[in-house]
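This report concerns only the one structure given below.
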């Protein structure tokens, strides 16, 4: 893992790997950059934007540590705070657990979740997860 990012390696894929629309073989990816595997775009996001992004990246790293990637088309529609909450929703944390992780009030987390549902036009966590699985 590079400081503030991760290293992406294309294993001679047919459709290519791209960072910010440039085809790469090996390159560092930092928080906020677009990575595209074939035709599927993603954006690397953090759980806590106040911390060093190198320690809390939301992806799968080479050590097998569980991390989450939010598709770019979704991440771009949400604020940083909403993306932080969304990461924990996808990981299955409750509103209370999310508020503790992000050091926010449970009311604030609940409001972020309501806004996420509204922006993404879903009505439940199940609908949200089903929508994310399409990516």
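The values are calculated or read from the model by the stated rules, or taken from the named source; none is laboratory data. As the structure is a prediction and not an experimental result, all values here were calculated from the model. Ideal geometry is used to build each Cβ from the backbone, glycine not excepted, and the neighbour counts take in all protein chains shown.
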(request) Would you mention how many residues in the stretch 11-24 are surrounded by 10 or more Cβ atoms within 10 Å (Cβ to Cβ) and either at pLDDT below 85 or closer than 14 Å to residue 39 by Cβ (or both)? (result) 5
(request) Pull up the stretch 78-96, narrow it to residues that are farther than 22 Å from residue 44 by Cα and in contact with a helix residue (DSSP H, G or I) (Cβ under 8 Å, 6 or more places away or on another chain), then point me to the one that is surrounded by the fewest Cβ atoms within 10 Å (Cβ to Cβ). (result) 96
(request) May I ask you to list pairs of residues, at least six apart or on different chains, whose Cβ atoms are under 9 Å apart, with the first in the stretch 24-40 being in contact (Cβ under 8 Å) with a residue 40 or more places away in the chain and the second being assigned to a loop (DSSP other than H, G, I, E, B)? (result) 40/135
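Here is a yes/no grid of residues against (1) in contact with a strand residue (DSSP E or B) (Cβ under 9 Å, 6 or more places away or on another chain); (2) within 22 Å of residue 39 (Cα to Cα):
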site: 71; (1), (2): yes, yes
site: 84; (1), (2): yes, no
site: 89; (1), (2): no, no
site: 92; (1), (2): no, no
site: 95; (1), (2): no, no
site: 98; (1), (2): no, no
site: 109; (1), (2): no, no
site: 119; (1), (2): no, no
site: 130; (1), (2): no, yes
(request) Quick one: in the stretch 25-51, of everything that is surrounded by 12 or more Cβ atoms within 10 Å (Cβ to Cβ) and assigned to a loop (DSSP other than H, G, I, E, B), which residue is modelled with the highest pLDDT? (result) 33
